[in-house]
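The block underneath contains the structure these notes are about, expressed in structure tokens.
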């Protein structure tokens with residue numbers, strides 16, 4: 001038998017190798033149009049990023065090694081350009097010479113994979129615009145990047161890169177470009193990154209990426225490319241913005257390579273891929289196909305689909321080879337299990353997403369849980385975000401998605417195995433999984449997801465969902481069962497705070513028939529409250545799936561602001577740096593992970609009070625805002641920041657306590673500085689009060705003093721644009737936006753507002769007396785050096801984005817203001 005394989009890499013090389021192991025007498029020829037027959041294409045971004053330094057390690061097999069070990073005739077740089085299905089021949093062209101010839105076959109395997117999606121845009125063929133699909137692409141990108149970085153070292157100008165597409169490959173490229181020190185902007189047409197995940201699972205990854213210095217431009221498409229006079233590129237977006245770039249990576253997706261199959265009359269499916277049966281045989285009985293170009297049944301969904309992943313391609317190729325060689329082996333389905341590492345975070349999914357289930361009209365239920373990757377008392381863990389979808393009838397698993405930092409791959413593989421075996425959420429409860437504190441918990445996250453889902457099926461728990469807010473709570477009391485401290489930091493608008501410990505006493509007088517919608521941070525305390533209430537006779541009670549964490553992710557309420565430019569230093573190097581600068585004092589390790597602003601600062605401050613001057617505190621935080629607040633707090637308190645480096649979702653930082661004998665740290669500078677600054681907290685959104693603040697500020701500037709103005713809550717309305725750029729706003733953001741004035745011209749008076757007439761009268765009086773208007777006073781103060789700082793916590797609460805504010809506004813938190821106040825002789829609260 002003569003077997004001809006078109007294409008190498010995962011599918012083609014696997015077909016050929018498996019066929020040889022089954023049939024020693026067969027003649028096997030592999031045609032590969034590229035220069036390499038078998039390489040690790042999933043590792044390409046990591047060689048560009050310098051993570052995989054040895055290029056040869058990506059070359060898994062060569063024509064020589066395959067011929068020597070398996071007697072396979074591999075012909076690289078040779079393209080099959082035609083198929084004569086009736087004659088059972090292929091027409092072959094040598095890429096380098098152009099020579100063509102024909103080769104006959106008894107069995108033909110099409111394993112050409114998929115090609116990068118070519119965007120039909122002006123300038124798409126300009127030098128410096130690349131796709132990443134094979135070794136040659138990798139070499140070209142790396143050479144271009146190396147050259148740009150060498151030039152940057154001489155000129156001091158940063159290397160600017162743009163990645164088009166926020167799928168897995170696009171994000172891996174973004175990470176590796178950042179590792180090399182380049183500035184990175186990712187442009188994505190969708191409103192989220194990572195299409196294989198539902199949006200609320202992608203949001204924590206999105207926030208992590210921004211925190212590592214990558215700019216994400218969502219719901220935007222590239223429109224054209226131009227070459228600048230200096231040879232660099234200009235990426236024109238469909239929102240009117242232009243991005244300068246030294247290097248552009250196109251990662252907008254792939255399409256199946258089915259040109260040969262189409263010309264040969266082979267049947268294609270509704271998604272444009274090759275139709276195959278369970279033996280991987282096409283509509284032509286002598287032609288098989290495997291890999292990215294074939295459509296296979298989905299494990300959960302009723303329709304078939306394309307799945308461009310290496311794992312399925314290898315398994316499909318094995319099935320094709322076995323059937324070519326006379327065996328009866330079936331490939332039944334693909335469930336699309338995938339995973340990606342982006343900086344320190346990991347995310348992935350298996351089975352169907354919520355979007356897919358809705359599109360296919362498959363009934364489902366959902367639960368969200370947020371356990372830690374391993375036992376919380378053992379160092380190095382963080383919260384993970386798990387979403388499980390299951391049948392409302394029998395609890396059969398339909399899909400699972402996870403985003404987190406440790407143990408994500410382990411849990412994802414358990415879910416994938418369970419889906420493959422047709423397991424239910426009841427089975428998740430009973431799984432006995434490996435446990436020791438460094439690896440998991442006695443109740444594994446997989447078990448926890450099973451517990452919650454089974455409670456839902458049994459009727460022990462009824463859920464309400466963030467996506468249905470606010471409609472789902474109309475006419476109901478929203479009860480926040482967290483502590484008052486948690487409630488004060490943030491709560492769902494309209495919620496009442498009834499801590500779990502007070503629930504029994506507080507609800508004694510409540511109407512049993514008034515609907516109650518409960519929530520806590522992750523869903524556990526509200527579940528306890530739910531059980532308490534339903535057993536006391538309350539008739540309409542539901543608890544929020546995933547708690548406030550899922551709610552904030554769904555509505556994208558986590559603070560983003562300006563991306564933190566994290567220092568490019570590995571954790572191990574940071575430890576060495578800390579060791580190098582340490583003195584002889586005591587070192588205390590402080591875990592503040594899981595605490596939101598101002599929690600880390602408060603805990604760090606308390607710990608610093610308990611150590612002696614010269615001692616050090618190494619603090620671990622998961623709040624991205626600590627990058628700004630930590631240094632500001634240290635300067636305010638007279639402590640010395642020794643180092644700060646990314647760790648998980650946040651940072652690890654080392655501080656040395658100032659004071660007598662502490663050396664020449666920040667304390668000396670604070671003690672000696674002149675308090676020649678006036679600081680303001682502008683809390684009010686009343687025009688007359690804001691006007692007074694800026695009159696005083698301009699007077700202080702005229703007297704040679706510095707001015708710092710911290711705008712929080714309603715005071716932020718003075719900094720809002722009247723015509724901000726359009727953006728996708730969540731329901732809560734739109735509600736706040738409609739209620740709040742947009743900019744200084746729209747501010748009301750504190751008294752005598754007179755339905756809006758008062759501000760107009762005051763403006764007329766000011767004009768008659770040649771008093772500058774509020775916008776003019778603001779512009780004058782800003783031009784003379786006043787720092788205008790927007791409170792990021794308030795922006796988060798009120799749904800205000802940085803793009804909603806006037807230009808050149810700084811963003812900061814509580815510690816940022818306190819740092820300014822420490823330098824001030826006068827601090828005014830307006």
Query - Spacing of the two label points (7 Å from each Cα toward its C-beta) at residue 42 and residue 241, in nm - result: 3.2
Query raised in the report: In terms of the Cα gyration tensor, with a ≥ b ≥ c the square roots of its eigenvalues, is segment 249-313 rounded because a/c is under 1.5, prolate because a/b exceeds b/c, or oblate?
Result: oblate
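What list do you get for 144, 279 if you sort them by fewest beta carbons within 10 Å?
Ranked by crowding around the Cβ, least crowded first: 279, 144.
Nearest 0.05, what FRET efficiency do residue 283 and residue 713 give at R0 = 51 Å with Cβ-Cβ as r? Intermediate results must be reported in sequence, preceding the final value.
On the way: r = 66 Å, r/R0 = 1.30.
In this case the efficiency is close to 0.15.
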Query raised in the report: Quick one: helix 135-155 against the long Cα principal axis of the chain, what's the angle to the nearest 10°, folded into 0 to 90?
Result: 30
Requested in this report: With a Förster radius of 30 Å, plug the Cβ-Cβ distance of residue 87 and residue 124 into 1/(1 + (r/R0)^6) and report the FRET value to the nearest 0.05.
Outcome: 0.20
Report summary line: antiparallel share of DSSP beta bridges within the chain, to nearest 5, in %, is 50
**Report entry** Efficiency of FRET from Cβ geometry, residue 151 and residue 51, R₀ 22 Å, rounded to 0.05
**Finding:** 0.45
Query raised in the report: Sorting 32, 103, 172 on the 10 Å Cβ count, fewest up front, what's the list?
Result: 103, 172, 32
Query raised in the report: By how many degrees, 0 to 90 and rounded to 10, does the Cα axis of helix 571-581 deviate from the longest principal axis of the chain?
Result: 40
Query raised in the report: Hey, could you pull the Cα Rg and Dmax for segment 421-521, both in Å?
Result: 17.3, 50
Query raised in the report: Cα gyration tensor of the chain, axes a ≥ b ≥ c as square roots of the eigenvalues: rounded (a/c below 1.5), prolate (a/b > b/c) or oblate?
Result: prolate
Report summary line: Among beta bridges assigned by DSSP with both residues in segment 129-252, the antiparallel ones amount in percent, to the nearest 5, to 35
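Contact order normalised by length for the chain, with contacts defined as Cα pairs under 8 Å and 6 or more residues apart; what percent is it?
Relative contact order here is 8 percent.
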Query raised in the report: Between residue 215 and residue 413, how many nm apart are label points set 7 Å from Cα along the C-beta direction?
Result: 4.0
Report summary line: If the chain between residue 513 and residue 442 were fully extended at 0.36 nm per residue, the gain over the current Cα-Cα distance would be 21.7 nm
Requested in this report: Give the angle, between 0 and 90 degrees and rounded to the nearest 10, that separates the Cα long axis of helix 757-768 from the longest principal axis of the Cα atoms of the chain.
Outcome: 70
Report summary line: Once both label points are put 7 Å beyond Cα along the C-beta direction, the residue 375-residue 115 separation in nm becomes 5.6
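Can you bin segment 359-490 into rounded, prolate or oblate? Criterion: square roots of the alpha carbon gyration tensor eigenvalues sorted a ≥ b ≥ c, rounded for a/c under 1.5, prolate for a/b above b/c, oblate for the rest. Before the final figure, lay out the partial values.
Numbers: a/c = 2.00, a/b = 1.11, b/c = 1.81.
The shape class here is oblate.
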Query - Which of 405, 683, 626 has the fewest Cβ neighbours within 10 Å, and the rest in rising order - result: 683, 405, 626
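Quick check on segment 2-76: what are the equivalent-ellipsoid semi-axes from the Cα gyration tensor, as sqrt(5λ), descending, whole Å?
Details: eigenvalues 134, 24, 19 Å².
That gives 26, 11, 10 Å for the three semi-axes.
Stretch residue 227-residue 779 to full length: gain in nm at 0.36 nm per residue minus the Cα-Cα span? Don't skip to the end; give the middle numbers.
Numbers: separation 552, 0.36 × 552 = 198.72 nm, distance 3.63 nm.
So the extension gain works out to 195.1 nm.
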Query raised in the report: Want the number for residue 468 to residue 485: 0.36 nm per residue separation, take away the alpha-carbon distance, what's left?
Result: 3.5 nm
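No lab work stands behind these numbers, since they all come straight from the coordinates. None of these values were measured; they are calculated from a predicted model. FYI the Cβ positions are ideal-geometry reconstructions off the backbone, even for glycines, and counts take in every protein chain you see.
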